[in-house]
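The values are calculated or read from the model by the stated rules, or taken from the named source; none is laboratory data. Just so it is clear, the model here is predicted, and its values are computed rather than measured. Counting neighbours? That spans all protein chains shown, and the Cβs are built from the backbone with ideal geometry, glycine included. Heavy atoms of the whole protein, side chains included, go into the accessibility calculation; ligands, DNA and RNA do not. Shrake-Rupley method; radii C 1.70, N 1.55, O 1.52, S 1.80 Å.
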Amino acid sequence: MTKPAPDARPRAPFFSSGPCAKRPGWTLQALDDAALGRSHRAKVGKAKLAEAIDLTRAVLQVPDDYRIGIVPASDTGAVEMAMWTMLGARGVDMLAWESFGEGWVTDAVKQLKLEDARVITADYGRLPDLGQVDAATRDVVFTWNGTTSGVRVPNADWIPAEREGVVICDATSAAFAQALDWDKLDVVTFSWQKVLGGEAAHGMLILSPRAVALLESFTPPRPLPKIFRLTKGGKLIEGIFKGETINTPSMLAVEDYLDALRWAHGLGGLDALIARADANAGAILDWVARTDWIANLAEDPATASNTSVCLEIVDPEVVAEGEEAVAKLAKGIASRLEKEGVAYDIGAYRDAPPGLRIWCGATVERADLEALTAWLDWAFAEEKAALAA
């Protein structure tokens, strides 16, 4: 017989890797001041968009000479905007070790058809050899934190401060939870629905002076849709970086992002957010260390994510049954805990190895993660018994 279900339940069972849990204490009343029914170009709308940019700069500690813009289509839109407008002036090194990085490789090789795109990859759970990257003379596109693999770069030491090209960094599940080395990054993108638990559909595009110089000097040899255009007459469209968005944003989503930013600022800013994410991931990783049926997908602890913690089933008896059995057990755990109302959306990403993925960003409470671990053990025992039946 398996043991009875645990008594303690997570207060907030929201462990999805996007959209992520709302901040502690969030209610719909947080949106009462939203500029609903008002134009985003009206004074009130412009003020809120400008405040979102200013608070982003303050909380993320973005240098004063970097531009910050709100752009369409979430993080995907921001990354593709950068790629379509900037790549092609020189060769580019494309890094991929999980599905989203692979998506940017597809864009570069199959859609943009760049003549000199060097692809440097690694399997799930590992980083590619960063020593192969030529960030001194070539452009670089990489994902700081692999959302679907739980593997991140430990630092940006492999990128020289003095370089010819631009470094484009997809930081969507790293921003607000990991320290970004701004001196090494020229384009940084993220979306609102990750670490701060905002609503989706809006992306953030942060440009260094080097990126701006490239935009104003390079004419890409391809048509650009309106939502990708960052320059006019060879000059940066400065309004985009003052809250004059290219298309109409959701003022309800803007208000929710502002609420999250104010919470983060009041908490103590970036350092406090990183500390919360580290503590949250620690709760899961401490449990992994003392549990013999589960392991971190990230092989090197120095590269393990503190936000999208990805786990694999390593129980010898289950593994001996083959990959189909492993996948069935992992899916069963996620489904069982969702039915119990204990954990939502913790299955591995569809393109990743079968397993579990538990979001540990700053809006999650450590006590909820600690409560979850007992339920994970219970669900594993239940599903393993069912597998053997």
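Points worth noting:
- Compared with the dominant principal axis of the Cα atoms in the chain, helix 251-267 is inclined by about 70°.
- Sum of -39500 (n - 2.57) over DSSP H runs of 4+, divided by residues of the chain (222 nm, nearest 500): -11000 deg cm²/dmol
- Residues Y349, Y344, ordered by accessible area of protein heavy atoms at a 1.4 angstrom probe radius and largest first, appear as Y344, Y349.
- Rel. contact order, % - alpha carbon contacts under 8 angstrom, at least six apart, the range 245-362: 25
- Amide H contacts under 5 Å for T143, placed H, 5+ residues apart: D170
- Eligible aspartates and glutamates near K46 by straight Cα distance, threshold 17 Å, same-chain separation 8 or greater: D33, D54, E238, E244, E255, D256, D259
- Lysines whose Cα lies under 17 Å from that of K235, excluding same-chain neighbours fewer than 8 positions away: K226
- Degrees, to the nearest 10: 323-339 long Cα axis against longest axis of the chain: 90
- Using equal-weight Cα scatterers in the Debye expression, the normalised intensity of the range 67-114 in log10 at q = 0.13, 0.14 Å⁻¹ is -0.31, -0.36.
- Measuring gaps between exposed loop sites in the chain (GluC sites (Glu not before Pro); DSSP loop; at most 12 other Cβ atoms within 10 Å), the longest gap, sites not included, is 163-389.
- Residue by residue, the range 54-67 carries 3J(HN,Hα) couplings of 5, 5, 4, 4, 5, 6, 7, 6, 6, x, 4, 8, 8, 8 Hz when phi is fed to the Karplus relation 6.51 cos²θ - 1.76 cosθ + 1.60 (θ = phi - 60°); x denotes Gly or Pro.
- Environment charge of S208, counting only residues whose C-beta is closer than 14 Å and scoring Lys/Arg +1, Asp/Glu -1: -4
- Using alpha-carbon coordinates, inclination of helix 270-289 to the longest axis of the chain, degrees: 30
- Tensor-based shape of the range 340-389 (alpha-carbon gyration tensor, a/c under 1.5 rounded, otherwise prolate or oblate): oblate
- Computed over the range 189-323, Kirkwood Rh from alpha-carbon pairs, angstrom: 19.0
- Amide proton proximity set for G198, modelled H, under 5 Å, gap of 5+: Q193
- The Cα atoms of the range 136-243 give a gyration tensor whose axes a ≥ b ≥ c have a/c of 1.5 or more with a/b no greater than b/c, which makes the shape oblate.
- Residue by residue, the range 140-146 carries 3J(HN,Hα) couplings of 9, 10, 8, 9, 5, 10, x Hz when phi is fed to the Karplus relation 6.51 cos²θ - 1.76 cosθ + 1.60 (θ = phi - 60°); x denotes Gly or Pro.
- Gyration tensor (alpha-carbon) shape descriptor, the range 1-143, a/c threshold 1.5: oblate
- Using every pair of distinct Cα positions in the range 251-389, the Kirkwood expression returns a hydrodynamic radius of 16.1 angstrom.
- Projected over all directions and averaged, the alpha-carbon convex hull of the range 102-186 occupies 5.6 nm².
- In order through the range 175-191: 3J(HN,Hα) via Karplus (6.51 cos²θ - 1.76 cosθ + 1.60), integer Hz, x for Gly, Pro: 4, 6, 10, 9, 7, 8, 8, 4, 5, 9, 10, 9, 10, 10, 10, 6, 10
- Once the Cα-Cα distance is subtracted from the 0.36 nm per residue extended length, the A58 to T121 segment shows a gain of 19.3 nm.
- Accessible-area composition of the range 121-271, carbon plus sulfur, in percent [1.4 Å probe]: 49
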